[in-house]
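Colleague: Handing you a structure now.
The values are calculated or read from the model by the stated rules, or taken from the named source; none is laboratory data. Only a predicted model underlies this, so the values are computations on that prediction, with no experimental measurement involved. When we count neighbours, we look across all protein chains shown, and the Cβ atoms used for this are built from the backbone with ideal geometry, even at glycine.
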Amino acid sequence: MGAPDGRDGAQAAEEPPAERPEERLERAVRAAEQALIEYEIALETFRVEVENFSRLHHQKLGPMYARLDELDAQIAEATAARTGDPEDRRKAEEARARVMPMPGVEELFHGWMDGDGLYPEAAAMLTEQSVRPPQRVRPGEEARKLYRELARKAHPDLAQEEGERQRREEFITRVNAAYARGDEAMLRELSEEWAAGPVPVEQRLTRSEELYARLEWLAQRKELLTVLAKELEESAIGGMLRLAPDDPDTLLDEIAEQLLAQVSEREAELARLRA
C-alpha cells in the first residue's frame, strides 16, 4: 500500500460549508414571493381584460340586446293577439316586462361610474360633448410590457417594513389605474419616477420563525388570489373571453354579427305574424 498523499484531507478542506437552514428558507421565501408576484400580474392582466370587455360589451352590444328583447315582446304580443290564448297573453306580459325591468341600485349606475367617479362617456353625455369611441379590450403590448416591469419592481409583497409596503401599495395603485386605461405615457412616467425614487433596502437574512411565517402568509395570499381568479374565469364575461384568448378585441364583432342575424330573423317573424 502506498503512503497517504494527503489528497483526501485537502478535498475535505475544500468542501463548502454546510448551508444553514435559514439560508434554505430565505431562498424558498424569495422564490415564493416571485411566483406570487407573477401570478398577481397575470390575474390583474386578466381582470383588466374582463372589466374592459364587460364595458365594451355593454356599450357596443347593449342596443342590440335591447332590440332583441323588444322584438321578442312584440312577437309574443302579436301571437297572443292572433290566438287569444291566456297562456300566450301571459307569455306576452312576461316578455314585455323583460324589456323594461325595474332597475336595482347597481344597475342604475352600471356603465356610468366607478370608484373614480363618472366614466368619460357618461360625463360627455351629461355635458352634451361628443362621446369618444370605446377603447380596446386589451391594453397595447407596450403598456403590458411596462406594467409587468413596474409590477415586478415595485410590488408591495417585496417590502419588509410597513412604511415601505405602504409606499409600494400607493404606487402600484397608480400603476394599475394607468394600465387599466392603457396609458403608455403615464406608465413611462411612473417607471421613471420609480427609478428615481429611494432604493429599496436589501433583504437581510431573517430568523427561521419569521421566514416560516412569511411562507405561510404567501401561501394564504396565493389561496385568496386563486379564489378570485376562479371567480373571474367562471363569470359570464370571463367565459366569453376564453373563446378568443389571443384576440378578444375581434370577439365583439363576431358577437355583433350573430346578434344582427338574430334581429333579422325576429323582424322577419314579426312581419309574418302581422301580415
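Colleague: Here is a list of conditions, (1) modelled with pLDDT of 85 or more; (2) surrounded by fewer than 17 Cβ atoms within 10 Å (Cβ to Cβ); (3) of a type in the set (V, I, T), and T79 meets all of them except one; can you say which number that is?
Modeller: Of the numbered conditions (1) modelled with pLDDT of 85 or more; (2) surrounded by fewer than 17 Cβ atoms within 10 Å (Cβ to Cβ); (3) of a type in the set (V, I, T), the odd one out for T79 is (2).
Colleague: Sticking with this one: Scan region 233-255 for residues that are within 23 Å of E38 (Cβ to Cβ), outside any helix (DSSP H, G or I) and without any contact (Cβ under 8 Å) to a residue 12 or more places away in the chain and jot them down.
Modeller: Result: P245, D246.
Colleague: Can you list the helices (runs of 4 or more DSSP H) lying wholly within region 106-214 that have 1 or more residues being modelled with pLDDT of 85 or more?
Modeller: Where helices (runs of 4 or more DSSP H) fall fully within region 106-214 and carry at least 1 residues being modelled with pLDDT of 85 or more, they are 141-154, 162-181, 184-196.
Colleague: Another question, then. Out of all the residues in region 29-81, which are β-branched (V, I, T) and in contact with a His (Cβ under 8 Å, 6 or more places away or on another chain)?
Modeller: I37
Colleague: Within region 223-232, is even one residue modelled with pLDDT of 85 or more, closer than 21 Å to H58 by Cα and part of a helix (DSSP H, G or I)?
Modeller: yes
Colleague: Given the structure, is E87 surrounded by fewer than 13 Cβ atoms within 10 Å (Cβ to Cβ) and at pLDDT 85 or above?
Modeller: yes
Colleague: Same structure again: Just to be sure I understand, how many residues within region 16-61 are loosely packed, with under 13 Cβ neighbours inside 10 Å and not aliphatic (A, V, I, L, M)?
Modeller: 8
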